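Since the structure comes first, as structure tokens, the remarks are kept for the end.
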Amino acid sequence: MKRVGIIGGGQLAWMMADAARKLEVKLVVQTPNENDPAVSIAQETVFAPVDDGSATKILAKKCDVITFENEFVNLDALSVLAEQGVCFRPRLKALTPLLDKYHQRCYLSNLGLPVPQFFALDEVENLKSKIESLGFPVVLKSRRHGYDGQGTFIIQDFATLEEKLSWDLIKNSNKSLFLLEEFVPFERELAIIAARSLEGEIVTYPVVETQQEQQVCRRVIAPAEITPNQVAEIEAIAHTLLNSLQVVGIFGIELFVRADGKVLVNEIAPRTHNSGHFSLDACETSQFEQHLRAVCGFPLGNPSLQSAGAVMVNLLGYENSDSDYQSQRQQITKIPQAHVHWYGKTESRPGRKLGHVTVLLDNQNRQQAIAIAQTIESIWYPG
Ligand code: ADP
């Protein structure tokens with residue numbers, strides 16, 4: 001039996017449970033809190049924060065291979081373990097250029113992949129003229145540890161930018177913490193999940209449309225309504241990136257598509273991703289099974305859709321509460337072809353991902369997918 005260590009014990013690790021059982025893989029999780037979702041499905045847990053390298057050393061003794069459900073790790077500490085022979089998949093070198101959003105943009109752009117115009121605040125001689133070349137609004141991003149839109153600010157004018165920066169400079173006394181980039185007036189946001197095996201085989205999931213509200217993913221429609229050329233372009237981006245990084249495992253790639261059809265890469269997640277949750281119910285091999293297959297060195301599975309389409313809706317917290325929202329969940333379960341996944345978190349907070357629901361569709365009608373999402377949201381959100 002393969003023993004897989006997972007750094008991080010949130011819902012992304014929790015959703016590996018069924019696949020682990022099927023593949024006869026033992027899961028050992030490193031996560032700080034007893035209430036974290038994956039503690040209930042792990043055979044063993046090392047209770048420690050994800051960036052605690054000495055805890056990962058303990059984890060390593062219990063596993064054949066270590067992977068990530070959370071990338072906010074301490075690469076320096078992990079590199080020492082890698083030198084001692086601990087096997088990380090994806091390898092640490094595949095994570096190195098990605099953990100800082102500025103380094104990530106540089107890496108993608110050096111690969112020739114299309115990205116929004118960007119610069120780091122510390123390389124700016126003349127901030128005002130550089131920004132004028134981008135034009136307002138601009139997007140200010142924390143270079144590290146941003147997720148679900150935390151650390152992403154759309155800035156409308158110079159005064160607001162100065163105010164934001166001076167506040168953060170006082171707080172952090174370091175302007176190299178930020179990246180500035182053009183605001184992309186995207187027509188749609190897209191994502192693709194791709195997996196690469198130990199032998200270098202790559203499989204990609206259908207390109208999906210993602211819909212964000214307040215920068216947090218609310219819905220995913222699979223497949224995205226885009227042209228075959230755009231699909232081919234996005235698949236090629238995934239191949240270039242995964243091959244260049246020699247990834248083993250699943251990566252999520254977020255993209256923008258502009259009104260003129262131009263595709264730009266927004267962000268890379270070096271792990272399973274919210275935009276691939278539909279695969280649990282809609283694909284022969286879910287992204288979670290695929291990831292375990294890849295990191296265990298097993299052959300990859302078939303990623304294709306088993307229904308004509310699917311729509312996934314995140315069930316986000318909208319209040320501070322310890323409710324488990326039984327009655328809302330029961331109502332949503334009654335929707336035909338709906339599959340509800342509830343992460344078992346003990347506390348709800350506004351914007352927190354508590355669960356998701358995927359509805360399988362017998363067509364690829366985008367309006368119908370949106371209507372189903374609206375029905376779910378009208379049950380889920382009060383008022
Ligand atoms: P996070 O890592 O927090 O998810 P993202 O960079 O993915 O941050 O940004 C979250 C959301 O903010 C995106 O899905 C998109 O809706 C919006 N956004 C981010 N960057 C830009 C940009 N350059 N132009 C327009 N919208 C953006």
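The values are calculated or read from the model by the stated rules, or taken from the named source; none is laboratory data. Bear in mind that the values here come from a model prediction, so they are computed numbers and not experimental data. Note: ideal-geometry Cβ built from the backbone for every residue, glycine included; neighbour counts use all protein chains shown. Surface areas here come from the heavy atoms of the whole protein model, side chains and all, with no ligands, DNA or RNA. Shrake-Rupley method; radii C 1.70, N 1.55, O 1.52, S 1.80 Å.
Of the residues making up the stretch 252-282, those that are in contact with a strand residue (DSSP E or B) (Cβ under 6 Å, 6 or more places away or on another chain) and either of a type in the set (Asp, Glu) or away from the ligand (no atom under 16 Å from the Cβ) (or both) are Glu254, Glu267, Phe278, Asp281, Ala282. Restricting attention to the stretch 1-27, the residues that are under 21 Å from the mean Cα position of the chain (by Cα) and not in a loop (DSSP other than H, G, I, E, B) add up to 13. Looking across the stretch 212-247 at every residue that is of a type in the set (D, E, K, R) and over 26 Å from Val139 (Cα atoms), the one that is least open to solvent (accessible area, probe 1.4 Å) is identified as Glu235.
The set of residues in the stretch 180-195 that are under 21 Å from Ala222 (Cα atoms) and in a strand (DSSP E or B) comprises Arg188, Glu189, Leu190, Ala191, Ile192, Ile193, Ala194, Ala195.
Within the span defined as the stretch 77-95, every residue fails to be away from the ligand (no atom under 16 Å from the Cβ), farther than 24 Å from Gly5 by Cα, at pLDDT 95 or above and assigned to a loop (DSSP other than H, G, I, E, B). The numbered conditions (1) over 20 Å from the mean Cα position of the chain (by Cα); (2) among the β-branched types (Val, Ile, Thr); (3) open to solvent by less than 20 Å² (accessible area, probe 1.4 Å) are all true for Thr45 except (3). Residue count for the stretch 195-225 under the criterion of being more than 16 Å from the ligand (Cβ to nearest atom) and either of a type in the set (A, V, I, L, M) or more than 17 Å from the chain's Cα centre (by Cα) (or both): the result is 11. In this structure, Glu71 qualifies as within 27 Å of Arg352 (Cβ to Cβ), in a loop (DSSP other than H, G, I, E, B) and at pLDDT below 95.
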